[in-house]
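Here the structure is laid out as structure tokens; the discussion comes afterwards.
Every read-out reported here was derived from the displayed coordinates using simple, explicitly stated rules and does not represent laboratory data. Remember, it's a predicted structure, so these values are computed and weren't measured experimentally. Cβ placement follows ideal geometry from the backbone for every residue including glycine, while neighbour counts extend to all protein chains displayed.
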Amino acid sequence: MAKIDAFFKLLHDQGASDLHMVSGQPPAMRIHGDMERIKYKILDNDSLRAMLYEIAPEDKVKVFEETGDVDFGYEIPGLARYRANFFMQKYGVAAVFREIPSKILTAEQLGLPSVISKLALLPRGLVLVTGPTGSGKSTTLAAIIDQANRSRKDHIITVEDPIEFVHQSQGCIVNHREVGLHTKTFSAALRGALREDPDIILVGEMRDLETISLAIEAASTGHLVFGTLHTSSAAKTVDRVIEVFPANQQEQVRSTLADGLRAVIAQVLFKRIDKKGRCAAMEIMIATPAVRNLIREGKTFQIPSSIQVGKRFGMQLLDDAIMELLNKGWISAEEAYAKSNDKSKFRSFLKTPPTDFTEA
């Protein structure tokens, strides 16, 4: 048993999401969104480095020493998997570990809107799950892939950096590929996937032009593609995908995306105030004919209006989802205000509304 495993067990027992190990500071955990110190001595650079290197593959140590940061996956059988990131900082080495639960929660257990489960049954197209880092995108996607795995008889390929949730093949055959270990890049894996008879492809992160281009191409050629982006709304997600391309290609991409896109889910996590835990507020855009036309015509600024009138299709605006959580008494007015898009809707709930310089 590695020395650091004791910290992972503590992390797991406390229901924390992240472990922070930093030279010059005691360890810390993120519990329900808040950082809390662990009662332990201050970590010095040499002992922390030894602790970290004990669990890192030799090739990852080499990359870390050459570049100053590295990602990889670490698993403690019977406990959980961890997404590890090592990085250098002013006082020496540091690392952050995100726990990936070994048990995959279903969409029902997570309390996701029913339309989310239906996305797992789509025959083809592109579905994007977006939001800031740590907003639960991977958990939502895992629930969708789990639904597909249990209800379809297809081939699922996931491409991640590193592998997070591990799906055991059920109705589907599931293959997990890790960037840097099983393939060089996301784009290389996507090119290969098109020759590997997939029905569903999960792209852990659509971070560059080539990966985004290949994902759109795969969705347009009969595959169901799930991907993630770090955007805050459905309209901004569409803009982000199109703006990655050179100006002379954007009109063609807009048309291709309008045909291939099926849904965008933009989510934010909130700390619950009624009990321990966190909950997600989701903006859901379904690519109806009206939404497709707006994308094709470059009128993405009108997408929120289409979402507003598309409730019968399962669509909802992020601010409406936040308001519902606030009215249930699940989240604080302060956090609702801080994470909303239209802050004016939430000012009346605050005891002392701040002067927000971003609204000036």
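Setting aside same-chain residues fewer than 8 positions from LYS328, which aspartates and glutamates have a Cα under 19 Å from its Cα? Excluding near neighbours in sequence, the set is GLU108, ASP274, GLU283, ASP319, ASP320. This model, with +1 at the C-beta of Lys and Arg and -1 at the C-beta of Asp and Glu, gives the chain a dipole about its Cα centre of some 1000 debye. A cut-off under 12 angstrom between Cβ atoms defines the neighbours of THR288, and their net charge, with Lys, Arg +1 and Asp, Glu -1, is +4. Between the alpha-carbon centres of the stretch 248-279 and the stretch 64-136 there is a gap of 16 Å. For the stretch 139-268, the share of alpha carbon pairs falling in successive 10 Å distance bins from zero is 12, 44, 35, 8, 0 percent. Of the cross-linked pairs LYS153/LYS184; LYS41/LYS90; LYS271/LYS343; LYS90/LYS271; LYS276/LYS343, those separated by over 24 Å at the C-alpha level are LYS153/LYS184; LYS90/LYS271; LYS276/LYS343.
Sorted on the mean count of surrounding Cβ atoms within 10 Å across their residues, most packed first, peptides 120-129, 59-68 read 120-129, 59-68. For the stretch 57-180, the C-alpha radius of gyration sits at 1.20 times the compact-globule guess of 2.2 N^0.38 Å, with N the residue count. Working ranking of peptides 343-355, 75-87, 218-230, 101-113 by packing, defined as the average number of other Cβ atoms within 10 Å per residue, highest first, is 218-230, 75-87, 101-113, 343-355. In the chain, helical runs assigned H by DSSP with n ≥ 4 each contribute -39500 (n - 2.57); averaged across all residues and rounded to the nearest 500, the mean residue ellipticity at 222 nm is -10000 deg cm²/dmol. One compactness figure for the chain is 1.03, namely its Cα radius of gyration divided by 2.2 N^0.38 Å. Could you tell me which of HIS230, ALA84, GLN308 has its Cα farthest along the dipole of the chain towards the positive end, charges placed at Cβ (Lys, Arg +1; Asp, Glu -1), taken about the Cα centre? The Cα lying farthest towards the positive end belongs to GLN308.
Helices that extend 20 Å or more along their long axis by alpha-carbon positions and average at least -1.0 on the Kyte-Doolittle scale are, among the DSSP H runs of the chain, 137-151. Is the C-alpha gyration tensor of the stretch 5-101 telling us rounded, prolate or oblate? Criteria: a/c under 1.5 is rounded; beyond that, a/b larger than b/c is prolate, otherwise oblate. The shape class here is oblate.
Within the chain, antiparallel bridges make up roughly 60 percent of the DSSP beta bridges whose residues both belong there. Plainly put, the stretch 70-137 has a radius of gyration that is 1.09 times its Kirkwood radius, both from alpha-carbon atoms, as the Rg/Rh ratio. If only the Cβ of Lys and Arg carry +1 and only the Cβ of Asp and Glu carry -1, the dipole of the stretch 5-101 around its Cα centre is close to 280 debye. Dividing the mean sequence gap of close Cα pairs (under 8 Å, 6+ apart) by how many residues the chain holds gives a relative contact order of 12 percent.
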